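Just below is one structure, and these are the notes that go with it.
Nothing in this text is a laboratory measurement; each read-out follows from the coordinates by a stated rule. What you are looking at is a predicted structure, and each value in this text was computed from that prediction instead of being measured. Cβ atoms come from the backbone with ideal geometry, glycine included; neighbour counts cover every protein chain shown.
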Amino acid sequence: MQKVPMTVAGHARLEEEIKHLKSVERPAIIEAIAEARSHGDLSENAEYHAARERQSFIEGRIAELEDKLSRADVIDTAKMSGDTVKFGAFVKVVDEDTDKEQEFQIVGEYEADIEKGMLALTAPLPRALIGKSVGDSVEVTTPKGAKAYEVLEVVFK
C-alpha cells in the first residue's frame, strides 16, 4: 500500500467531507429511499431509483475518501524550512520568456486545485522544481511546448 503525501489542511478537508457525507448526506438519502418506497411499486418508481443511485454514489465516495485517508502521509509544512523546493513549499517562479510570475503551493494529488494555486506534486512543473533552490532555472515540457522557469522564492507556511 503506497503512502500518499498530504498537507495537514488537505487531510482536514478530506476528514470534513467524510464527516459531512456520513452525518448529513447518508441520513438524508436513507430518508429519501424510505419516502420513495412508501409510494408503492418500486419497478417504475423514478424517485426510488434516483435515490438508490445517489446512495451508491455517496457510499462510493465515502469508501474512496477512507482509502485516501488510510494511505495519507500527513506532512506539517509549517515545521519545514529552507530555500530548496520540496513538498508543501509555496514557490514563486518567473517564466523566463514572458517575465510572468506565478505563485503556487506543491501539494498531494488529492488536494490539488489549480484555481487556488495548489499544484500536485506529480504535475510537470512541481516535479521539475523539486530539489531546486532560489535562482535555479528549470525547463519544463508542457502541453504548449517547452518553457523555462526561474525560482524566485521558496517559503514554508
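Only helical runs count toward this figure. For the chain, summing -39,500 (n - 2.57) over DSSP H runs of n ≥ 4 and dividing by all residues gives -11500 deg cm²/dmol at 222 nm.
Distance from the C-alpha centroid of segment 87-157 to that of segment 1-53: 36 Å, rounded to the whole angstrom.
A simple rule links phi to the HN-Hα coupling: the Karplus curve 6.51 cos²θ - 1.76 cosθ + 1.60 with θ = phi - 60°, which for segment 84-99 gives 9, 6, 8, 3, x, 6, 8, 10, 10, 10, 10, 6, 5, 8, 9, 6 Hz, with x for Gly and Pro. Remark: segment 4-157 carries a charge dipole of roughly 340 debye about the Cα centre, counting +1 on each Lys and Arg Cβ and -1 on each Asp and Glu Cβ. Cα convex hull, segment 1-71: 79 Å³ per residue, rounded to a whole number. For the chain, with a Gaussian network of springs between Cα atoms less than 10 Å apart, report the residue from Val107, Val91, Val134 with the top mean-square fluctuation. Its mean-square fluctuation being the largest, the pick is Val134.
Result for the chain in a Gaussian network model with C-alpha springs under 10 Å: among Lys144, Lys100, Lys19, the largest mean-square fluctuation is at Lys144. Within the listed set Val94, Val74, Val24, the residue fluctuating most in the Gaussian network model of the chain (springs between alpha-carbon atoms under 10 angstrom) is Val24. Rg/Rh for the chain stands at 1.18; both radii use Cα atoms, and Rh follows the Kirkwood definition. When each of the peptides 82-89, 124-131, 1-8 is scored by the mean number of other C-beta atoms lying within 10 Å of its residues, the order from highest to lowest reads 82-89, 124-131, 1-8.
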